[in-house]
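The values are calculated or read from the model by the stated rules, or taken from the named source; none is laboratory data. This is a predicted model, so every value here is computed, not measured. Positions of Cβ are generated from backbone atoms using ideal geometry, with glycine treated the same way; all protein chains shown enter the neighbour counts.
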Amino acid sequence: MEVSLQEAAALLKNANDIVITAHENPDGDAVGSTLGLMHILCDMGKKVQVMIDDDIPSNLFVLKGADGIVRPMERDAGILVVLDTSLDRIGEVEKLVHAGKVLNLDHHRTNDMEAENVYVDSDSAATCEIVYRLASYLLPPVSDSEGDGLTAGCRLSSAMSKAAAMCLYTGLATDTGFFRFSNVTPDTLYAASELVASGAEPAVISESLEVRPWNYVQALGKALATAELFDKGRIAGMFIDREIAGLTDDTGGFISQIRVVDGVDVAVVVKEKEEKICRVSMRSHGADVSRVAARFGGGGHIRAAGCTLNMTLPEAKNAIIAAIEDELAAEE
Ligand code: 5GP
Ligand code: MN
């Protein structure tokens, strides 16, 4: 059933013993939104646990509470909150957490809308933007005359903790490429402004997020050597075999190195994770890559999407390039 943000807030106000989760292969928005909501609910006196079925990227340990995120374990809960994905990408959490209620908040247009209580806003740049708005129904109102003398709009600036603001700002920043992508709206920037007023430190977050280990750079060099152009230069691909993938856990930023090529509409990275399991990431300047991902059971946004192909790396390369070529031809 679709719920409003007010109804979502009411569900959380009435709950105790809350488990919050997000998608496997978590990014800044998944971790930022789960931890941000955790801090807000803890400040309200709730018992909260964040559970994610994957490793947390080391750069995100800058966020308070990241070291308390647990792997899935069997337990009961008053409510399970699923952020930044439908329930199909939360791994073992779905089976192991026996929750009285389920609440799903997401900004992916490909959300399956199957959750018991679901709020999806695909105009929000990040799930953190949705959690930020939800916070205004959870936190006590702050009068305009109170606090720091900032603009009258900064309603939350003294109600939200610095820890929560840091987490929510992180997801806004990572899902918008630090406020550069086409998903940025006035609401996104307004949310970022209020989060900074509440104590989020953009420089601390961006510096922590851009640090990489040396082996990342070595892997990037090898991955760049595999880059190829297709479809008269409209598609750029990078193909990471297990040997290159073994050099670094994190290949998240690789795609941005090929999406900048002049004339390229769609950038795609195919990464062989295991024998016959390839992860695909796509970014576009115009084409709807969520439709390409959906053809293979994945999803995402118009300009950022992904899927998993149960194929060898050469098979996956052929299949995804052909599907992107089809999409570009269909959109012509
Ligand atoms: P990324 O390329 O950063 O892994 O993912 C880009 C976007 O597509 C993200 O919003 C991510 O959540 C979504 N996405 C990536 N892989 C999948 C997938 O296998 N299924 C679905 N539904 N969404 C995905
Ligand atoms: Mn997101």
Discussion item. Given the condition touching a strand residue (DSSP E or B) at 6+ places or on another chain (Cβ under 7 Å) and among the charged types (D, E, K, R), answer yes or no: does some residue in region 12-21 qualify?
Written reply: yes
Fill in: Candidate set from region 64-88 (those that are within 16 Å of ligand 1 (Cβ to nearest atom) and either of a type in the set (Asp, Glu) or surrounded by fewer than 22 Cβ atoms within 10 Å (Cβ to Cβ) (or both)); member that is nearest to Leu134 (Cα to Cα)
Asp84
Worksheet entry | Unmet criterion (only one of (1) surrounded by 20 or more Cβ atoms within 10 Å (Cβ to Cβ); (2) within 25 Å of Leu172 (Cβ to Cβ)) for Ser122 | (1)
Practice prompt. Scan region 295-332 for residues that are surrounded by fewer than 16 Cβ atoms within 10 Å (Cβ to Cβ) and within 24 Å of the chain's Cα centre (by Cα) and report the count.
Written response: 3
Worksheet item: Considering region 65-99 alone, what residues qualify as being within 16 Å of ligand 2 (Cβ to nearest atom) and either of a type in the set (A, V, I, L, M) or more than 18 Å from the chain's Cα centre (by Cα) (or both)?
Response: Val81, Val82, Leu83, Leu87, Ile90
Discussion item. Here is a check on your reading of the model: is Asp29 surrounded by 22 or more Cβ atoms within 10 Å (Cβ to Cβ) and within 16 Å of ligand 1 (Cβ to nearest atom)?
Written reply: yes
Practice prompt. For Asp53, state whether it is within 16 Å of ligand 2 (Cβ to nearest atom), surrounded by 14 or more Cβ atoms within 10 Å (Cβ to Cβ) and among the charged types (D, E, K, R).
Written response: no
Discussion item. Just to be sure before I move on: is Ser290 in a strand (DSSP E or B) and within 16 Å of ligand 2 (Cβ to nearest atom) in the structure I sent?
Written reply: no
Fill in: Selection count, region 248-262, where residues are in contact with a Leu (Cβ under 9 Å, 6 or more places away or on another chain) and closer than 23 Å to Lys276 by Cβ
3
Worksheet item: Tell me, which helices (runs of 4 or more DSSP H) lie completely within region 162-211 with 2 or more residues that are more than 16 Å from ligand 2 (Cβ to nearest atom) and surrounded by fewer than 16 Cβ atoms within 10 Å (Cβ to Cβ)?
Response: 186-197, 202-210
Practice prompt. Can you tell me which residue among Val131, Val120 is touching a strand residue (DSSP E or B) at 6+ places or on another chain (Cβ under 6 Å), of a type in the set (Val, Ile, Thr) and within 16 Å of ligand 1 (Cβ to nearest atom)?
Written response: Val120
Fill in: Within region 16-30, considering residues that are under 17 Å from Gly306 (Cβ atoms) and hydrophobic (A, V, I, L, M, F, W, C), the one nearest to ligand 2 (Cβ to nearest atom)
Ala30
Worksheet item: Give me the pairs: first residue in region 242-254 and farther than 17 Å from Asp55 by Cβ, second residue hydroxyl-bearing (Ser, Thr, Tyr) and surrounded by fewer than 19 Cβ atoms within 10 Å (Cβ to Cβ), beta-carbon distance under 8 Å, and six or more apart or on different chains, which are they?
Response: Ile244/Thr226
Discussion item. Among the residues of region 264-284, are any among the polar types (S, T, N, Q) and more than 27 Å from Ile56 (Cα to Cα)?
Written reply: no
Response to the item:
Exactly one of Ala223, Ala164 is at pLDDT 95 or above, touching a helix residue (DSSP H, G or I) at 6+ places or on another chain (Cβ under 8 Å) and more than 28 Å from Ala245 (Cβ to Cβ), and that one is Ala164
